[in-house]
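The values are calculated or read from the model by the stated rules, or taken from the named source; none is laboratory data. None of the values given here were measured: they were computed from a predicted structure. Cβ coordinates were reconstructed from backbone atoms using ideal geometry, including for glycine residues, and neighbour counts include every protein chain displayed. Just so you know, the surface numbers come from the protein's heavy atoms only, side chains and all, with ligands and any DNA or RNA stripped out. Shrake-Rupley method; radii C 1.70, N 1.55, O 1.52, S 1.80 Å.
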Amino acid sequence: MELSIKNRKRVAALFVFSVCTFLGVWGTVWGIEEVITYFNFEDIILISRGSVALPIFSIAFYLFAYIAVVGFISGEEVPSHIVKKILKPIFLSVILGFSMMIIFGVTFSTYIEKQGYIRCSGTPLGYMPAMGVKYVKEPELCNKKYK
């Protein structure tokens, strides 16, 4: 049984919708969860600037999912005028996400240093340089694994 071209496009659109929705929900939930843990002020705080931007980047995934729904319903390629309307909010969410990464990184780092936390040197294991920063209450905790 071979699928018609229209049904193949629908299957592709359903796949894109599923992936984008999953990534959007995952990014939103994980990012918000991470940011909430920063405000628990434990002895060790491991900040990932990307987790702050993840819920905002997820907006782009939701918009891509919307495009996929339109393609699924029509079974055709999504008209360019719809794609053009959606590209602007996608770019805005990406720009806003990067802006939030920078703003949060500067303001929260300053805030917790005023609270008496010490910034550990180096990059925490598993993080890209400049993305993960470890703060501790006592200098000897810098060598301790986080969770």
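Does Y66 satisfy the criteria of being within 15 Å of the chain's Cα centre (by Cα), open to solvent by 50 Å² or more (accessible area, probe 1.4 Å), more than 30 Å from P139 (Cα to Cα) and not hydrophobic (A, V, I, L, M, F, W, C)? Judged against the criteria, Y66 is not a match. Could you check segment 42-57 and list, in sequence order, the residues that are under 8 Å from G31 (Cβ atoms) and either open to solvent by less than 20 Å² (accessible area, probe 1.4 Å) or among the basic types (K, R) (or both)? Of everything in segment 42-57, those that are under 8 Å from G31 (Cβ atoms) and either open to solvent by less than 20 Å² (accessible area, probe 1.4 Å) or among the basic types (K, R) (or both) turn out to be S51, V52, A53. With respect to the conditions (1) out of contact with any strand residue (DSSP E or B) (no Cβ under 6 Å at 6 or more places or on another chain); (2) among the aliphatic types (A, V, I, L, M); (3) at pLDDT 90 or above; (4) open to solvent by less than 30 Å² (accessible area, probe 1.4 Å), I112 falls short on a single one, namely (1). Restricting attention to segment 116-124, does a residue exist that is free of Cβ contacts under 8 Å to residues at least 24 places away in the same chain, over 30 Å from L141 (Cβ atoms), exposed (fewer than 13 other Cβ atoms within 10 Å of the Cβ) and not charged (D, E, K, R)? No: zero hits.
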